[in-house]
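The values are calculated or read from the model by the stated rules, or taken from the named source; none is laboratory data. The structure displayed is predicted, hence computed values, not measured ones. A quick note on method: Cβ atoms are made from the backbone with ideal geometry, for glycine too, and the neighbour counts reach across all protein chains shown. Remember, those area values only see protein heavy atoms, side chains included, never the ligands or the DNA or RNA. Shrake-Rupley method; radii C 1.70, N 1.55, O 1.52, S 1.80 Å.
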Amino acid sequence: MEKAKNNSMETKVTDFILLGLPHPSNLRTFLFLVFLVVYILTQLGNMLILLTVWADPQLHVRPMYILLGVLSFLDMWLSTVIVPRIILSFTPASKAIQFGGCVAQLYSFHFLGSTQCFLYTLMAYDRYLAICRPLHYPVLMNGRLCTVLVAGAWGAGSIHGTIQATLTFRLPYCGPNQVDYFFCDIPAVLRLACADTTINELVTFVDIGVVAASCFLLILLSYANIVYAILQIRTADGRRKAFSTCGSHLTVVTVYYAPCIFIYLRPGSKSPLDGAVAVFYTVVTPLLNPLIYTLRNKEVKSALRKLAGGGGATK
């Protein structure tokens, strides 16, 4: 009996079946088109931001816009890791994903997501220096330091993704192999493990909690100093301009953190809302980021007009 049990534990699945998003069958074509359009617009919007920052000589040397370009690049890849699989789920094609593909998807998602988390912190620090230390800003946040900080964010994100993927897939998976989710993520995959997942859930909670909480606290600290500095400005117009430089970043930080807290900081949760919330920050957020920065940033809008046909240059 014990031998049979051990043999069962050693048997490993070779692929997983992604069940996708629950949906009425009569809406399959409509949802396919919706997610396809969202994916195309996400890629075009973020590519436009990248081209704008790269093409405008006044933008691509400023740390604020270098960080914005990196954010757009991350959004493009995050969308590519997740959305094509969702689109595929609305077609008759096989829903299977190879074991190695599942590992790669989970790693890529957490690598890109945590790198975004660190990047938002760097963007808050950049705004803090620009508003609270304006005279020292060119020295404290120059292009070289910005590059080093971005490289550090990528490195830290890679380490985080490696830890999460290693911990998740070191466990035996001997069947069933149906992932009740639309991509390979930690909570959904752990439910299929043929072993106790308590330690994994605890480490995931602590690891993601520490990363998210540390970044969030640093962002709050930066903005506490920013608000204090802005309140010292005597003119209402000056305060409004200072706040406007932070509005876009505050918006995307809120959109990023609220869903992550809901999904990952509730160990063992099986809420039906998890899928809807996950769709928001994996599909909708990468689409919204370029819109938020374009609509709220006069310099980006001016650069876009120049890129579109020199309209900004003639005015």
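In a residue-by-residue description of segment 100-111, the property of being within 21 Å of N225 (Cα to Cα) and not in a loop (DSSP other than H, G, I, E, B) applies to no position. In segment 29-61, the qualifying residues are those that are of a type outside the set (A, V, I, L, M, F, W, C) and loosely packed, with under 15 Cβ neighbours inside 10 Å, and the one that is farthest from K306 (Cα to Cα) is T29. The set of residues in segment 114-154 being more than 18 Å from L68 (Cβ to Cβ) and touching a residue at least 40 places away in the same chain (Cβ under 8 Å) consists of S114, C132. Residues in segment 164-174 that are open to solvent by 30 Å² or more (accessible area, probe 1.4 Å) and free of Cβ contacts under 8 Å to residues at least 40 places away in the same chain: T166, L167, R170. Tell me yes or no: at least one residue of segment 156-163 is touching a residue at least 24 places away in the same chain (Cβ under 8 Å), open to solvent by 30 Å² or more (accessible area, probe 1.4 Å), small (G, A, S) and part of a helix (DSSP H, G or I). Yes.
The residues of segment 68-105 that are open to solvent by less than 30 Å² (accessible area, probe 1.4 Å), touching a strand residue (DSSP E or B) at 6+ places or on another chain (Cβ under 7 Å) and closer than 16 Å to F35 by Cα amount to a single one, S89. Looking at this structure, is F205 under 30 Å from I17 (Cβ atoms) and modelled with pLDDT under 85? Answer is yes for this residue.
A single entry from D126, D185, D180, D207 fulfils the requirement of being under 30 Å from R85 (Cα atoms), crowded, with 19+ Cβ neighbours inside 10 Å, within 22 Å of the chain's Cα centre (by Cα) and of a type in the set (D, E): D185.
Of the listed requirements (1) in contact with a Ser or Thr (Cβ under 7 Å, 6 or more places away or on another chain); (2) in a helix (DSSP H, G or I); (3) at pLDDT 80 or above, F182 misses just one: (2). D196 meets each of the listed conditions (1) in contact with a Leu (Cβ under 7 Å, 6 or more places away or on another chain); (2) of a type in the set (D, E); (3) surrounded by fewer than 16 Cβ atoms within 10 Å (Cβ to Cβ) apart from (1).
Determine which member of the set Q58, Q116 is within 24 Å of S248 (Cα to Cα) and part of a loop (DSSP other than H, G, I, E, B). After applying the criteria, what remains is Q58.
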